[in-house]
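All remarks here apply to the structure that follows.
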Amino acid sequence: MSDCIFCKIVAGQIPSKKVYEDDDVLAFHDINPAAPVHFMIIPKVHVDSLSECTDAHRDILGKILLLAPKLAMEQGLSTGFRTSINTGKGGGQEVFHLHVHVLGGSGPRPL
């Protein structure tokens, strides 16, 4: 999608502080972190939200969820972390490209 900020990050049109990248996913630090460590994992293919996912997205969803603890450990979150998937306006989603927040470290804890 040409107007999606995350698609522009995937395309390299907007810079990001990358945590991880492969052919299917990109992980990068949140520009407005809610915790000392706060990054997101997104599929490179545009999907508006979790509610738009189908059986065709099963592999990418599994890949993202299995990648979260690995990247969390690499980012120093050895004692634990939190994941969040905001879905739809009512669920607090602000960017309509599926993304999984990974948060942790000492400091304020978002709900």
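Readers should treat all values here as calculations from the given coordinates under stated rules, not as data from a laboratory. Treat the numbers as computed from the prediction; the structure is a model and nothing was measured. Ideal geometry is used to build each Cβ from the backbone, glycine not excepted, and the neighbour counts take in all protein chains shown.
Tell me the label only: which of (1) 29, 19, 13; (2) 23, 16, 11; (3) 21, 15, 15 is semi-axes √(5λ) of the Cα gyration tensor in Å as calculated from this structure?
Correct label is (3).
If you check each cysteine of the chain for another cysteine whose beta-carbon is under 4.7 Å away, which ones come up empty?
So far as the 4.7 Å Cβ criterion goes, CYS53 stand without a partner in the chain.
What residues have an amide H closer than 5 Å to that of VAL25, excluding those fewer than 5 places away on the same chain, when H is modeled at 1.01 Å from N in the peptide plane?
LYS44
How do the peptides 88-94, 5-11 rank, highest first, by the average count of neighbouring beta carbon atoms within 10 Å per residue?
Per-residue mean Cβ counts within 10 Å order the peptides as 5-11, 88-94.
Name the chymotrypsin sites (Phe, Trp or Tyr not before Pro) in the range 32-101 that are in a loop by DSSP and that have at most 12 other C-beta atoms within 10 Å, would you?
Sites meeting the loop and neighbour criteria: none at all.
Among all lysine pairs in the chain that are eight or more places apart or on different chains, how many have alpha carbons less than 14 angstrom apart?
Final tally of qualifying lysine pairs is 5.
In degrees from 0 to 90, rounded to the nearest 10, what is the angle of the helix 58-74 Cα long axis to the longest principal axis of the chain?
Around 30 degrees separate the two axes.
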